[in-house]
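Remarks on the structure that follows.
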């Protein structure tokens, strides 16, 4: 099975866009190693990006599962990344640049003969001090549109330390993922809004704010007269 959390398993189809909310770093290892191993055994190219400590833990877990980690890395099938720079633009987080790196990764893997790709990124590590909540949500909404609705040959697992996020951002993140891993549970998200619905929601909210601002300006001008 693709996902295994505390003995609970789930099959994840291509195009899946998964969110893991964690507050202990070892929760990343336990979920990601199994996801990557399934992809490696299925002739898929796999990438994990996170802290050096997380990379070591996942490599150790893969080794214990029987994967020949060094050989897989040498062949280019397994990529372990501890440098944030390739995912950023001049030390800035650009949601569309990050999405383009995924599309490039998919295209190159296809040219190299792999059946698909799996990407797992510790987003708390990647976005620390360089991204706003709005930028993170733009990335997640765009990813949902590209991966889920185009049935792209990718399974993407993004990790967020919920103890370091505003509560409102956690709620919005859940809305953008059809599948979430929270603690010991794999959840099919009943609050999921697809990217089209979510973007319409944002447009309505922006329109309401604009109208409210315009009314306030008009009231102020009338008061001054």
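Looking at 28, 18, 79, 12, which one is surrounded by 12 or more Cβ atoms within 10 Å (Cβ to Cβ) and farther than 24 Å from residue 178 by Cβ?
Selected residue: 79, the only one of 28, 18, 79, 12 that is surrounded by 12 or more Cβ atoms within 10 Å (Cβ to Cβ) and farther than 24 Å from residue 178 by Cβ.
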**Prompt:** Within region 135-158, can you find the residues that are touching a strand residue (DSSP E or B) at 6+ places or on another chain (Cβ under 6 Å), within 17 Å of residue 192 (Cα to Cα) and not in a helix (DSSP H, G or I)?
**Reply:** 156, 157, 158
**Request:** Would you please name the residue that is surrounded by the fewest Cβ atoms within 10 Å (Cβ to Cβ), looking only at residues in region 151-172 that are modelled with pLDDT of 90 or more and closer than 14 Å to residue 17 by Cβ?
**Result:** 153
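Could we say that residue 200 is modelled with pLDDT of 75 or more, assigned to a helix (DSSP H, G or I) and within 20 Å of residue 133 (Cα to Cα) here? Give the derivation first.
Numbers: modelled with pLDDT of 75 or more: no; assigned to a helix (DSSP H, G or I): yes; within 20 Å of residue 133 (Cα to Cα): yes.
Here the answer is no, as residue 200 does not meet what is asked.
Which one of these is over 20 Å from residue 10 (Cα atoms) and not assigned by TED's automatic domain parsing to the domain that holds residue 33: 139, 198?
Of the residues listed, the single one that is over 20 Å from residue 10 (Cα atoms) and not assigned by TED's automatic domain parsing to the domain that holds residue 33 is 198.
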**Those residues of region 102-124 which are closer than 22 Å to residue 54 by Cα and crowded, with 18+ Cβ neighbours inside 10 Å, in sequence order** = 102, 117, 118, 119, 120, 121, 122, 123, 124
**Message:** Tell me whether region 108-121 contains one or more residues that are touching a helix residue (DSSP H, G or I) at 6+ places or on another chain (Cβ under 7 Å) and under 17 Å from residue 160 (Cα atoms).
**Reply:** yes
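The values are calculated or read from the model by the stated rules, or taken from the named source; none is laboratory data. Everything numeric here is computed off the predicted structure, so don't read it as measured data. Positions of Cβ are backbone-derived with ideal geometry, glycine not excepted, and every protein chain shown enters the neighbour counts.
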